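First the structure, in the form of structure tokens, and then the observations on it.
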Amino acid sequence: MIRKYIFGSPFQTDAVVCDIPCSQGDVPHMKQENGENLSFSCQLGSADEVYGLGENVRGINKRGWRYCSCCVDEPNHTEDRQSLYAAHNFLVVRGQTCFGIFVDTPGVVTFDIGYTHLDEMTITLVYPDAAIYVFEGMCVLDIVKEFRTLIGRSYIPPKWAFGFQQSRWGYKTEEDIYRVVKMHRENHLPLDSIYLDIDYMERYKDFTVDRERMPHFEKMVQDLKEDHVHVVPIIDAGVKVEEGYAVYEEGIENGYFCKEEDGKEFTAGVWPGRVHFPDVLNPEARKWFGEQYRVLLDMGVDGFWNDMNEPSIFYAQDRLDSVIDQIAALKGRNLNLETFEQFMGAVRSLSDNREDYQKFYHQTPEGRMSHDRVHNLFGYYMTRAAGEAFERLCPDRRILMFSRSSYVGMHRYGGIWMGDNKSWWQHMLLNYKMQPSLNMVGFLYTGGDIGGFGADVTEDLLIRWMQMALFMPLMRNHSAMGTRQQEVYRFDNQKILRDTLHVRYGLLPYLYSEFMKAALGDEMYFKPLSFLYTEDAYAPQVEDQLLAGDSVMTAPVFVQNGKGRYVYLPEEMAMIRMRSLDDYDTDRYPAGHHYIEAGLNETLLFVRPDKMLIMSDGGEYTEDVHTDHMKVFAFVKTNAVYEWYDDDGMGKKYDDPEHMTKITVAADGTYTCEGRNIRLTVELL
Ligand code: MIG
């Protein structure tokens, strides 16, 4: 049951794809207040749980903190933050009553979830214009599905994007790129793609290639493709201000950049120095910006990542000028506590200053809008620009696309990565917890930088992180310039990392199948235990175990020097302690709490009763993974059935029933396949 309420005159965000009639009267479950700001509150029962908000800090149960939807380039994903790169204004309250709420507004929204008062939740809108949707259902999963149906089908990447991907800010030349790929291939470390960060561009200009560093860019893309490796370049939001640079000149000529009150282009500083922002909220400008991706598509590229699109602002030109004046005035003075604070404050005020959002405008179909009013849409619309262009330019082919900033609705055009995490054990756990929250709001193709972006990784952290990421759809190792090099071939225990990677390629048929079924059915791929085991009183407390697809529960080791971990089983399960594709042991555990050993080279997987995990024999790239023979780990009580989805991984005929194969395994280990005929080796658990 979905109800829609309109407040003021909301901006059409296109988050929602279904037209539903508006309800009259009050928003159910919430008390409305029209104070200084429009707000809605409700009491929380002591046992109520609150889920949602997509990409944000803290737990899966969001209770006990205040969060803010204001997309920001925040490199510190610590507990004291309130916003990261995204605005995902969807929550589900589960308690005496179960309901969901989606606040569709592109301005800033705050969520006080038991922060000011332990037992109260208040949602406050900075601008009182919004469409608010309320969902009622029997359980969280029903509500999520209602919401997901409302916002439309999630983006589906090409199959190769489920392989292992290597990235680092700091690969500068063709030689760098070839070498990284060669090191993977030579050491039999599976790989499907390699990333280009900002250094491939000519002076950080979007849609250009630095021909000194990469003189044979097209050939490199082609050579690597022959080696089954896809090259994925970064695109930044800001367009460099430079005479003679075609993208800049065209944008100026046609008025496609965001402008200030007086009509001149708004100038910010980012990587290239001064930039203008493409006005992606203006449909014509969006189309134009999307067309630019063609330059790289024509060079053979078939994947992109959109960065800095909160948009990140190092400085606004006018503020920089005034700060420089303020600082100059301090020259020669004996700075004390107060004046030094002034100095530091002035410098700190430069980046991502919300006041700057009021200085520039978008030319939207609903008229001119201050950026501040629509701030949270920028990353979404930049990625939409690309997604719409891909539909026009290569309608029958999937292109890999993911973004840093996002809003609900963008999930139809691309995935996201979780931004600049650090090489911290805590961040591995944080990224794990984000997965189900992101799935709730439609983002299925997601993942965090494996090994951590900032700070120096340790070998054991990388190993544990790789194990944790075995089921993350976007499995990418990425790190920042200046940090310890963290490609898998840099470490002593290469065998563990290699075996883990081969396990990933073994898992691909299951992972892809579960991802596709979740995408096509508007369901969650990663679920917290409490969503499935709704009657289990302990399950809501478990935030370091997740269900990955329908058959498997994962329980990674999240602490340094951990030699195992406590695992909670809401029902009897069969464990696979996996060291490599052909080295593992198995055991059954009854429901309850268990301490289970897991050495550094071991990953714990749990198979649910009457479910199975199908595994290929592995491969060194996705096309090398064959499915004519598979191994089946089946935990059969009476009869285990698996619906296996597979397709060519490139085309878009997703709903063809040909893609489904039904595998049934009986208690004696005999099996049948309906659909494709595959040879199975059954291992009863
Ligand atoms: O402010 O392009 O999150 O993945 O390597 C840094 C350089 C800009 C931030 C991205 C990160 C990327 C980096 N970018």
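The values are calculated or read from the model by the stated rules, or taken from the named source; none is laboratory data. On a predicted model such as this, the values are computed, not experimentally measured, just so you know. Neighbour counts are summed over all protein chains in view; Cβ atoms, including those assigned to glycine, are modelled from backbone coordinates with ideal geometry. SASA here: full protein model, heavy atoms, side chains in, ligands and nucleic acids out. Shrake-Rupley method; radii C 1.70, N 1.55, O 1.52, S 1.80 Å.
Looking at region 239-315, none of the strands (runs of 3 or more DSSP E) lying wholly inside it contains 3 or more residues that are assigned by TED's automatic domain parsing to the domain that holds Asp223, surrounded by fewer than 19 Cβ atoms within 10 Å (Cβ to Cβ) and free of Cβ contacts under 8 Å to residues at least 60 places away in the same chain. Residues that are part of a loop (DSSP other than H, G, I, E, B) and over 22 Å from His502 (Cβ atoms) were ranked within region 169-194; the one that is nearest to the ligand (Cβ to nearest atom) is Trp169. Scanning region 454-477 for residues that are open to solvent by 10 Å² or more (accessible area, probe 1.4 Å) and free of Cβ contacts under 8 Å to residues at least 60 places away in the same chain turns up Ala455, Asp456, Glu459.
When only residues in region 481-510 that are closer than 23 Å to Leu600 by Cβ and of a type in the set (A, V, I, L, M, F, W, C) count, which is surrounded by the fewest Cβ atoms within 10 Å (Cβ to Cβ)? If we take residues in region 481-510 being closer than 23 Å to Leu600 by Cβ and of a type in the set (A, V, I, L, M, F, W, C), then Phe491 is surrounded by the fewest Cβ atoms within 10 Å (Cβ to Cβ). Tallying residues that are buried (at least 17 other Cβ atoms within 10 Å of the Cβ) and either more than 30 Å from Phe390 (Cα to Cα) or acidic (Asp, Glu) (or both) within region 637-670 yields 7. A single member of Ala539, Ala548 is in contact with a strand residue (DSSP E or B) (Cβ under 8 Å, 6 or more places away or on another chain), among the hydrophobic types (A, V, I, L, M, F, W, C), buried (at least 17 other Cβ atoms within 10 Å of the Cβ) and within 17 Å of Met466 (Cα to Cα), and it is Ala548.
Given the structure, is Gly152 within 21 Å of the chain's Cα centre (by Cα), farther than 30 Å from Ala246 by Cβ, surrounded by fewer than 20 Cβ atoms within 10 Å (Cβ to Cβ) and away from the ligand (no atom under 16 Å from the Cβ)? Spell out the reasoning first.
Numbers: within 21 Å of the chain's Cα centre (by Cα): yes; farther than 30 Å from Ala246 by Cβ: yes; surrounded by fewer than 20 Cβ atoms within 10 Å (Cβ to Cβ): yes; away from the ligand (no atom under 16 Å from the Cβ): yes.
Yes, satisfied.
Anything in region 286-319 that is away from the ligand (no atom under 16 Å from the Cβ), hydrophobic (A, V, I, L, M, F, W, C) and closer than 24 Å to Val108 by Cβ? List them, or say none. Hit for region 286-319 is Ala316, nothing else.
Cβ separations smaller than 6 Å between residues 6+ apart or across chains give the following pairs from region 163-186 residues that are over 12 Å from Val488 (Cα atoms) and open to solvent by less than 10 Å² (accessible area, probe 1.4 Å) to residues that are of a type outside the set (D, E, K, R) and within 15 Å of the ligand (Cβ to nearest atom): Ile177/Tyr171; Ile177/Ile194.
It is to be established whether one or more residues within region 567-579 are at positive phi, touching a helix residue (DSSP H, G or I) at 6+ places or on another chain (Cβ under 8 Å) and in a loop (DSSP other than H, G, I, E, B). No: region 567-579 contains no residue that is at positive phi, touching a helix residue (DSSP H, G or I) at 6+ places or on another chain (Cβ under 8 Å) and in a loop (DSSP other than H, G, I, E, B). Applying a threshold of 6 Å to beta carbon distances and a minimum spacing of six or more residues, or different chains, the list of pairs starting in region 347-368 at a residue that is modelled with pLDDT of 95 or more and ending at one that is open to solvent by 60 Å² or more (accessible area, probe 1.4 Å) reads Ser351/Phe314; Tyr361/Arg368.
Within region 607-666, which residues are acidic (Asp, Glu) and in contact with a Ser or Thr (Cβ under 8 Å, 6 or more places away or on another chain)? I'd like the intermediate steps shown before the answer.
Going residue by residue through region 607-666, those that are acidic (Asp, Glu) are 610, 617, 620, 623-624, 628, 643, 646-648, 655-656, 658.
Residues satisfying the conditions are Asp610, Glu643, Asp646.
With the structure loaded, tell me whether Met524 is part of a strand (DSSP E or B), at negative phi and touching a residue at least 12 places away in the same chain (Cβ under 8 Å) or whether it fails that test.
Working: part of a strand (DSSP E or B): no; at negative phi: yes; touching a residue at least 12 places away in the same chain (Cβ under 8 Å): yes.
No, not satisfied.
So that you can scan it fast, the table gives a plain yes or no per residue for (1) of a type in the set (S, T, N, Q); (2) closer than 23 Å to Leu613 by Cβ:
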{"site": "Gly442", "(1), (2)": "no, no"}
{"site": "Gly447", "(1), (2)": "no, yes"}
{"site": "Ala455", "(1), (2)": "no, no"}
{"site": "Thr458", "(1), (2)": "yes, no"}
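Contact annotation: residue pairs with Cβ atoms under 7 Å, 6 or more positions apart or on different chains, pairing a residue in region 193-210 that is under 15 Å from Met308 (Cα atoms) with a partner that is modelled with pLDDT under 95 and near the ligand (Cβ under 9 Å from one of its atoms), are Ile198/Trp271; Tyr204/Trp271.
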